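**Student:** One structure, pasted below without further comment.
The values are calculated or read from the model by the stated rules, or taken from the named source; none is laboratory data. Since we're looking at a predicted model, the values are computed, not measured. Virtual Cβ from ideal backbone geometry, glycine too; neighbours counted across all protein chains shown. The accessibility values were calculated without ligands, DNA or RNA, using every heavy atom of the protein model including side chains. Shrake-Rupley method; radii C 1.70, N 1.55, O 1.52, S 1.80 Å.
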Amino acid sequence: MDEEYDVIVLGTGLKECILSGLLSVDGLKVLHMDRNDYYGGDSSSLNLTQLWKRFRGNDTPPEKLGSSREYNVDMIPKFMMANGKLVRVLIHTDVTKYLHFKAVDGSFVYNKGKIYKVPASDVEALTSSLMGLFEKRRARKFFLYVQDYEDNDPKSHEGLDLNKVTARELITKYGLEDDTIGIIGHALALQIDDSYLDQPAMDFVKRMKLYAESLARFQGNSPYIYPLYGLGELPQAFARLSAVYGGTYMLNKPECKVEFGNDGKAFGVTSEGETAKCKKVVCDPSYLPDKVQKVGKVARAICIMSHPIPDTNDSHSVQVILPQKQLGRKSDMYLFCCSYAHNVAAKGKYIAFVSTEAETDKPEVELKPGIDLLGPVEEIFYDTYDRFVPTNKHEVDSCFISTSYDATSHFESTVDDVIQLYSKITGKALDLSVDLSSASAAAEE
């Protein structure tokens with residue numbers, strides 16, 4: 001182990017694995033270590049026995065749930081936008097050859113106590129039962145504006161400079177009601193709060209276009225895709241990729257102590273009495289606890305069921321977003337459901353997650369609006385985990401620390417963190433101009 005590396009990555013969580021893969025492809029010499037004897041860190045994937053061990057101690061799962069090995073329960077479940085940045089990263093690194101994707105069946109939103117399909121086009125706006133007649137017409141006009149908007153075609157801008165006009169001003173022009181704004185902003189543009197309303201409208205419009213383009217990609221009922229056997233496949237796929245480029249992976253390495261020189265910069269990592277030297281250290285918050293601060297916590301429930309979520313057209317895989325205003329909360333709630341159709345549970349079984357940014361210390365009470373939508377649940381596990389962000393200056397200590405995973409049931413915020421870290425580590429922007437069709441064959445299987 002007494003070698004010198006460009007970068008040592010600590011932790012095999014999704015973010016760390018993606019970064020390790022990107023840096024290896026760039027030709028850097030990477031050593032990737034984890035204190036655990038399994039891949040994934042906080043974002044690992046558990047079988048039934050492991051799930052019980054983690055949440056129920058010495059209890060064993062009931063036989064009626066089927067074989068433990070047939071379960072791959074992701075601890076940080078997130079769907080991927082079919083044309084989103086993560087899929088571009090996967091294609092950029094060619095890791096798609098190790099993965100098989102399947103389209104997600106449904107994308108829904110909660111409004112006034114009921115679940116509705118997210119309207120994503122002018123046609124769907126007119127047919128959606130979410131809105132009254134006049135609001136449908138207004139929404140249709142807004143969707144048409146967004147669909148027709150092209151950066152390089154000034155005629156499509158209708159006299160608006162979206163780099164100056166705020167999202168609120170754009171929406172006001174079309175006279176949309178608050179409920180409609182909540183649906184479009186949170187279930188379509190996937191904003192996690194309402195601060196986007198006072199930002200330039202360009203990002204908001206691009207997010208809406210991404211949703212629509214991803215939806216069109218597989219002609220399905222949602223813009224999302226998900227790997228067969230769950231996200232646990234991703235860290236392993238990146239480990240294989242890294243090996244192809246000469247990277248080294250080491251699991252089950254205790255302690256992993258980052259060593260700092262007199263100048264305050266990290267110069268290596270020590271484990272079991274050996275020190276590997278490096279120029280930079282990349283890690284999740286748990287490896288450098290004195291360089292991060294707690295900014296919140298996520299509350300979630302993991303449920304095992306024998307049926308799809310009611311009112312989702314019997315979808316085997318589905319996302320439901322509950323916008324914060326509908327619940328009188330400061331943050332959205334997310335429902336994520338996947339099943340044996342994606343090989344993450346035994347035949348006839350469904351895994352559902354309800355997650356949100358915790359605003360109280362009572363997850364059972366706080367998550368009730370989401371859990372009430374699931375119908376009968378066979379098993380339920382409640383869990384909370386703290387969210388950390390780095391406080392260090394990487395220019396000073398050569399440490400690059402990822403943020404903890406948020407409550408969202410999609411990857412958009414996660415991959416933004418990865419791309420920002422990549423730019424800080426390498427000093428250059430990540431080129432994501434790729435041929436998206438190279439991920440489609442697997443997705444249609």
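**Student:** At 1.4 Å probe radius, can you tell me the per residue accessible area of segment 357-445 in Å²?
**Tutor:** Each residue of segment 357-445 exposes 46 Å² on average to a 1.4 Å probe.
**Student:** Which of rounded, prolate, oblate describes segment 314-445, given a ≥ b ≥ c as roots of the alpha-carbon gyration tensor eigenvalues and a/c under 1.5 marking rounded, otherwise prolate only if a/b is larger than b/c?
**Tutor:** Note, shape of segment 314-445 comes out oblate.
**Student:** Related question: Which shape class applies to segment 267-362: rounded if a/c is under 1.5, otherwise prolate when a/b exceeds b/c and oblate if not, where a ≥ b ≥ c are the square roots of the Cα gyration tensor eigenvalues?
**Tutor:** Numbers: a/c = 3.52, a/b = 1.71, b/c = 2.06.
In terms of gyration-tensor shape, oblate.
**Student:** What do you get when you divide the Cα radius of gyration of the chain by 2.2 N^0.38 Å, with N the number of residues?
**Tutor:** The chain yields a ratio of 1.00.
**Student:** For segment 62-69, just list the computed ³J(HN,Hα) in residue order, Karplus coefficients 6.51, -1.76 and 1.60, θ = phi - 60°, integers in Hz, with x standing in for Gly and Pro.
**Tutor:** Couplings: x, 4, 4, 7, x, 6, 4, 5 Hz.
**Student:** Counting only protein heavy atoms and using a 1.4 Å probe, what share of the accessible area of segment 342-445 belongs to carbon plus sulfur, as a whole percent?
**Tutor:** Heavy-atom surface of segment 342-445 belonging to carbon and sulfur, 1.4 Å probe: 53 percent.
**Student:** Ignoring ligands, DNA and RNA, what accessible area per residue does segment 166-249 give at 1.4 Å, in Å²? Walk me through the intermediate numbers first.
**Tutor:** Working: 3260 Å² over 84 residues.
So segment 166-249 comes to 39 Å² accessible per residue, rounded to a whole number.
**Student:** Further question: Classify segment 35-191 as rounded, prolate or oblate, taking a ≥ b ≥ c as the square roots of the eigenvalues of its Cα gyration tensor: rounded when a/c is under 1.5, otherwise prolate if a/b is larger than b/c and oblate if not.
**Tutor:** prolate
**Student:** Taking Lys428 as the anchor, which aspartates and glutamates have their alpha carbon closer than 17 Å to its alpha carbon, excluding any fewer than eight residues away along the same chain?
**Tutor:** Result set, ordered by chain and number: Asp6, Asp26, Glu395, Asp416, Asp417.
**Student:** Still on this structure, I have one more. Compute the angle between helix 201-217 and the longest alpha-carbon principal axis of the chain, please, reported from 0 to 90 degrees and rounded to the nearest 10.
**Tutor:** The angle comes out near 90 degrees.
**Student:** Please report the accessible area of Glu150 (heavy atoms, 1.4 Å probe, ligands and nucleic acids excluded) in Å², nearest 10.
**Tutor:** 90
**Student:** Next up: Could you compute the FRET efficiency for Leu126 and Val365, with r as their C-beta to C-beta distance and R0 at 45 Å, rounded to 0.05? Show your work: numbers first, answer last.
**Tutor:** Numbers: r = 39 Å, r/R0 = 0.86.
Given R0 = 45 Å and the Cβ-Cβ separation, E is 0.70.
**Student:** Further, regarding this structure: Considering only protein heavy atoms and a probe of 1.4 Å, how much of the accessible area of segment 28-77 is carbon and sulfur, as a whole percent?
**Tutor:** Exposed carbon and sulfur together represent 41 percent of the surface.
**Student:** In deg cm²/dmol, rounded to 500, what helix-only [θ] at 222 nm does the chain give when every DSSP H run of at least 4 residues adds -39500 (n - 2.57) and the total is split over its residues?
**Tutor:** Working: 15 runs with 129 residues, N = 445.
The per-residue figure over the chain is -8000 deg cm²/dmol.
**Student:** Could you identify which residue out of Leu322, Leu14, Leu288 has the top mean-square fluctuation in a GNM of the chain using Cα springs shorter than 10 Å?
**Tutor:** Per the Cα network of the chain with a 10 Å cutoff, Leu288 tops the list.
**Student:** Now, a different point. Which longest uninterrupted range of the chain lacks any trypsin sites (Lys or Arg not before Pro) assigned by DSSP to a loop state (not H, G, I, E or B) and surrounded by at most 12 other Cβ atoms within 10 Å?
**Tutor:** The answer is 165-329.
**Student:** What pairs in Lys15/Lys141; Lys29/Lys97; Lys15/Lys64; Lys15/Lys265; Lys64/Lys330; Lys102/Lys424 have C-alpha atoms more than 29 Å from each other?
**Tutor:** Details: Lys15/Lys141 39 Å; Lys29/Lys97 22 Å; Lys15/Lys64 35 Å; Lys15/Lys265 23 Å; Lys64/Lys330 39 Å; Lys102/Lys424 33 Å.
Pairs exceeding 29 Å: Lys15/Lys141; Lys15/Lys64; Lys64/Lys330; Lys102/Lys424.
**Student:** While we're on this one: At 1.4 Å probe size, what's the solvent-accessible area of Glu255? Round to the nearest 10 Å².
**Tutor:** The accessible area of Glu255 comes to roughly 150 Å².
**Student:** For segment 103-229, what % of the accessible area comes from carbon and sulfur atoms, probe 1.4 Å?
**Tutor:** Summing carbon and sulfur atoms, their accessible area is 52 percent of the total for segment 103-229.
**Student:** Over what distance in Å are the Cα centres of segment 277-356 and segment 22-66 separated?
**Tutor:** 16
**Student:** Given a 1.4 Å probe, how much area per residue of segment 1-134 is accessible, in Å²?
**Tutor:** Accessible area per residue, segment 1-134: 40 Å².
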